[in-house]
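Quick one: structure below, then a few questions.
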Amino acid sequence: MSDSLLKLIQASDEEKKEKGTEYTPAEIYQQPEMWLETLKILEGQKEEILDFLGGETDRKFLLTGAGTSAFIGLCLENLFNKVSGYEARAVGTTEIITDPAAVFLKGKKYFLVHFARSGNSPESVGTFVLGEQSEADIKHIVITCNKDGKLAVMGREKRDHSLVILLPEKTNDRSLAMTSSFSSMVVAGQYIASIKDTARYAGIANELAEAGRKIMAEYSGELEALCSEPFERAVFLGSNTLLGCAKECHLKLQEETDGRVVGKFDTFLGLRHGPEAVIHDNTIVVYLMSEEPLVHQYELDLINGVKGKGIGMKKIVVCKKADDQTKAAAEVVIEHGRDIPDDYQSPAYVIIGQSLGVFKSLAYGLKPDSPSEAGVITRVVQGVRIYDHPAFYADGTLKVIAG
C-alpha cells in the first residue's frame, strides 16, 4: 500500500497547518535518521561515558523520567541487567517525588539517569534536586533533547558528578506528542547498556533504522486504512522490554485521539489475568512479537486463545517474519525482515502506536500536533508544584523547588 505518512509530509504547508500535521508526521518519519545521528553523538562521547562510569559495578542504574520518558526505562531495564554488568531499575520521577526514601537508599550508590525531551518538567527537575538532597551517593546522567532545558543546565553546573548527553536538536519534538525524542533516547540508553561492545550495537542500530524505514514505507497505508474502522479501544501487548514499548504505544494512541480511543497495555501472559475483559467488538489488539523461540510460543498460545474466543475487532502483528499460525490469527501483519534482538526492538516497534495515533486523530477530525481540544494535556506538564522535602519535614514549610 501507499506510504501514507510520507503523503502527509509532502502536503502543502497550508494543508498541513489546517490539519495540524506540520510537525508530528515528519517527527515520526525522521526517526531512523535520528537514531543513527544519536549513535554518532554517543560514539563521540564514548570515552567520556566510560570514564564517568569508572567501572563502578556496585553502583546501580536508576532509569527515570515522567510520562513517556518514564517508559524509556521500561524499554531498557532488562537490557541493562543482562548485558551492561550493572543492576538497573526503571522508576518514574512521578514515583520518586512522592517517596524518595524508597528509591534513594542511604549509603547506596546510584547512576541516576534522567530521560527528558525538554528537561523542564517539574518532576524531572525535582528528582534531580531530591537526589542531591538524599543520603545516597548519586552520579547523574542527563539524556535530553534540549540543551537549554533546566536538567541540562543543572547537569552542567554539577559537572564533577554529572554527565550530560545532548541528542540531535531535531529530536526536541515541536508537537505535543513525544515521538522521535522517545525513540532516540531509547537508542541512547541502549548504547550505554551495550558500551562493552559498541561495534555490535552499531550493527543493531542500523538494523533498527532499516526496520523503521520499512514499517513506515510499506505499512503506513494499511495502518491508515485500519483507522477508518470504528474502534474505540486498543490493547497493546509486549513481552519483556517490549512491555515498555506497548505502554508507550497505548499512550500515543490515547493522547493523539484526545482520549476517544482508550488504550490498554500488558504482557502476553498477563492479559489472561483480568485485562482480557476489555477486549470487546470495538477493540483492536496489537501484538508486538518476540523473536525468542520459547517466548514466541507463549505468545502464540495467547494469540490462538484470543482467536478461539472470537473477541476483538481486528488484530495486528508486528514481527520479523510471521509464521503460519500468526498470520492465521491476525488481519494485519507487519513484517520488517531485520535481525533485531528482542531487547532492542522498541524504537522500531513504537512506530506502530505513533502512526495509529496520527491516523486515528485525523479520522476524528483532530489535529495531531495539538489534539487536546480543551487543552487538558500540554507539551510540558503544567500545574505541578514540587516541594522541598527536608524543609517540609523540618517545620512544615511548603517551599517550592520546581514547578
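Throughout, read-outs are computed from the coordinates displayed, never taken from laboratory work. Predicted model only: the values in this text are computed from it and were never measured. Don't worry about glycine lacking a Cβ; one is built from the backbone with ideal geometry, like all the others, and counts go over all protein chains shown.
For q values of 0.12, 0.14, 0.18 Å⁻¹, compute log₁₀ I(q)/I(0) with the Debye formula on a Cα-only model of segment 219-363, without solvent.
Taking Cα atoms of segment 219-363 as identical point scatterers yields -0.41, -0.57, -0.99.
Something else now. Expressed as a rounded percentage, what relative contact order does segment 219-363 have, with Cα pairs under 8 Å and six or more residues apart?
Dividing the mean separation by the residue count of segment 219-363 yields 32 percent.
Moving to a separate point now. Relative contact order (percent) for the chain, with alpha-carbon contacts under 8 angstrom and 6 or more residues of separation?
Relative contact order comes out at 20 percent.
Ranked highest first by average number of other Cβ atoms within 10 Å, how do 293-303, 245-255, 10-20 line up?
Numbers: 293-303: 15.8, 245-255: 26.8, 10-20: 13.2.
My ranking of the peptides, most packed first, is 245-255, 293-303, 10-20.
Out of residues 5 or more away from residue 142 or on other chains, whose amide H comes under 5 Å of its own, with H placed 1.01 Å from N in the peptide plane?
114, 163, 164, 165
Moving to a separate point now. Take the alpha carbon atoms of segment 42-63, find their center, do the same for segment 266-295, and report the distance between the two centers in whole angstrom.
Here the two parts' Cα centres lie 36 Å apart.
Tell me, what is the FRET efficiency for residue 399 and residue 273 to the nearest 0.05, using R0 = 45 angstrom and their Cβ-Cβ distance as r?
Working: r = 43 Å, r/R0 = 0.96.
Result of the calculation: an efficiency of 0.55.
All other residues with a Cβ under 13 Å from the Cβ of residue 325 taken together, and with Lys, Arg as +1 and Asp, Glu as -1, what is their net charge?
Summing Lys/Arg as +1 and Asp/Glu as -1 gives 0.
Return 241, 21 ranked ascending by Cβ neighbour count within 10 Å, so the fewest neighbours appear first. Mind showing how you got there, number by number?
Details: 241 25, 21 22.
The order, fewest Cβ neighbours first, is 21, 241.
Report the full-extension gain for the segment residue 391 to residue 217: residue separation times 0.36 nm, less the Cα-Cα distance, to one decimal in nm.
57.2 nm
From the P(r) of the chain, can you give the percent of Cα pairs sitting at distances over 36 Å?
More than 36 Å apart: 23 percent of the Cα pairs in the chain.
Another one. Can you give me the long-range amide H partners of residue 315? Hydrogens built in the peptide plane at 1.01 Å from N, cutoff under 5 Å, separation of 5 or more residues or another chain.
285, 331, 332
Per residue of segment 95-104, what does 6.51 cos²θ - 1.76 cosθ + 1.60 with θ = phi - 60° give for ³J(HN,Hα)? Whole Hz please, x for Gly and Pro, Karplus curve as stated.
Using θ = phi - 60°, the values come out as 8, 4, 4, 8, 8, x, 5, 7, 10, 8 Hz.
Place a point 7 Å from the Cα of residue 109 along the Cα-to-Cβ direction; which residues of segment 154-177 have their backbone N under 17 Å from it?
160-163
Right, something else. For residue 36, what is the net charge nearby, where nearby means another residue's Cβ is under 12 Å from its Cβ and Lys, Arg count +1, Asp, Glu -1?
With Lys, Arg at +1 and Asp, Glu at -1, the neighbours total -3.
I would also like to ask the following. Along the three principal axes, how long is segment 241-309 when you take its alpha carbons, biggest first, rounded to the nearest angstrom?
Cα extents, longest axis first: 38, 27, 16 Å.
Run the quick spin-label model on residue 229 and residue 47: label points 7 Å from Cα toward the beta carbon, then report their separation in nm to one decimal.
Placing both labels 7 Å along Cα→Cβ, they lie 5.4 nm apart.
Also: Using a 7 Å offset from the Cα along the Cα-to-Cβ direction at both residue 292 and residue 200, what is the distance between the two label points in nm, to one decimal?
Modelled inter-label distance: 1.5 nm.
Still on this structure, please answer the following. Read phi for every residue in segment 2-16 and hand back ³J(HN,Hα) as whole Hz from Karplus 6.51 cos²θ - 1.76 cosθ + 1.60, θ = phi - 60°, with x for Gly and Pro.
6, 8, 5, 5, 5, 4, 5, 5, 7, 5, 5, 4, 5, 5, 5
With an 8 Å cut-off on Cα pairs and a minimum separation of 6 or more residues, tell me the relative contact order of segment 45-193 in percent. Spell out each step's value before the answer.
On the way: 275 pairs, mean separation 33.5, N = 149.
Reported relative contact order: 22 percent.
Taking H as built 1.01 Å from N, whose amide H comes closer than 5 Å to the amide H of residue 264, not counting residues under 5 places away?
Distant-sequence amide H within range of residue 264: 234, 235, 236.
Please compute the Kirkwood hydrodynamic radius of segment 60-144 from all pairs of different C-alpha atoms, in Å with one decimal. Don't skip to the answer; put the middle values down first.
Details: mean 1/r = 0.0799 Å⁻¹.
Hydrodynamic radius (Kirkwood, Cα only) of segment 60-144 equals 12.5 Å.
Where Lys and Arg each count +1 and Asp and Glu each count -1, what net charge lies around residue 77 among other residues with Cβ under 15 Å from its Cβ?
Summing Lys and Arg as +1 and Asp and Glu as -1 gives -1.
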